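Quick notes on the structure that follows.
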Amino acid sequence: MRVTLTALALAGMLLLSGCSATLLPYAREMGDMALLRTMGVDAGEGDYQVEVTVSTGKRAYGLQGESQPSLVLSAQRESLSAACLAMQGLSDSYVFYGYVDQLLLGEGLIKRSVWPVLDYFAQDAQLGLGVQLWVVRGGTAAQAVQAGGESGVENRLSTLQTDSEMGAAGASRTAGEVFSDLLERGSAYLPALRVQETDQEGQTALLEAGYAVLKGGVLVGYLEGRVPRGWSCWSTRHPPMCWRSPYPRGGW
């Protein structure tokens, strides 16, 4: 039996604004779609305000489940929505954003402001604030997305998230948690990663690198090590100070 994604097709064939889609009754075969898992956003250069890099991770091909290398696409445009839309012209497969669950932000971007990205994810029909959010310390999101090579960076990010839930790694945070902290308290922290070269030539890995602290949506510094659960941070100090919070999940 041929597998069709009718439900996904109802979410769209043509993009109206960025990653969102029109509601057209058009079915697509699974093998004809590039189901994205990871998105990286960097500050653009020259006339372009933003650079977006996306990855599928290692993917199955058709019903046989034969694996293909990770598909990585990148585009620079004047806005996040325009960059997402441009991806459709870079792949033979239909690019679908509904499975994106990891969002990486380059350091250059958060030195400007994280608000445009958070606002876009909050309003887009295919994306959402449930994605895991990371900062690439001292580097770009494009470098981090490509750190996984042919197998993709998705496994590494999923491992970090799982280890966090088990207490074996630093706290992971969703875009929604950071968004809420910025709205309610004016500041927020989010986990930072560093791209580091490995012993194998031309290959890189992602390592934990403390936490980025945002004030008003802009990077003000980093916290080294891990922030214990139930602690808060005062991001107006340089470096930021932390203390035990009366809130169960920590407050600002």
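With a 1.4 Å probe and all protein chains left in place, how much accessible area per residue does the range 34-135 have, in Å²?
Normalised by residue count, the accessible surface of the range 34-135 is 41 Å².
Express the carbon and sulfur contribution to the solvent-accessible surface of the range 39-136 as a percent, rounded to the nearest whole number, probe 1.4 angstrom. Walk me through the intermediate numbers first.
Working: 1870 of 4120 Å².
Within the range 39-136, the accessible surface is 45 percent carbon and sulfur.
Give me the distance in nm between label points sitting 7 Å out from Cα along the Cα-to-Cβ direction at Q88 and Q203, one decimal.
With each label placed 7 Å out from Cα toward Cβ, I get 3.7 nm.
Measuring from label point to label point, each 7 Å out along Cα→Cβ, what is the L183 to T159 span in nm?
3.5 nm
Which cross-chain or sequence-distant (5 or more) residues have an amide H under 5 Å from the amide H of Q102, H modelled 1.01 Å from N in plane?
Sorted by chain and number, the residues that satisfy this are M39, Q132.
Given the convex hull of the Cα atoms of the range 62-142, what is a quarter of its surface area in nm²? Don't jump to the answer; show the numbers that get you there.
On the way: hull surface 26.1 nm².
Projected area, direction-averaged: 6.5 nm².
Ranked by accessible surface with a 1.4 Å probe, highest first, in what order do F179, F96 come? Could you put the intermediate results ahead of the total?
Working: F179 35, F96 10 Å².
My answer, sorted largest first, is F179, F96.
Let me cross-check D42: its accessible surface, 1.4 Å probe, with only protein heavy atoms counted, in Å² to the nearest 10?
Approximately 10 Å² of D42 is accessible to the 1.4 Å probe.
The values are calculated or read from the model by the stated rules, or taken from the named source; none is laboratory data. Model, not experiment: these values are computed from the prediction. Virtual Cβ from ideal backbone geometry, glycine too; neighbours counted across all protein chains shown. Ligands, DNA and RNA are stripped out before the accessible areas are found, and what is left, the full protein with its side chains, is counted by its heavy atoms. Shrake-Rupley method; radii C 1.70, N 1.55, O 1.52, S 1.80 Å.
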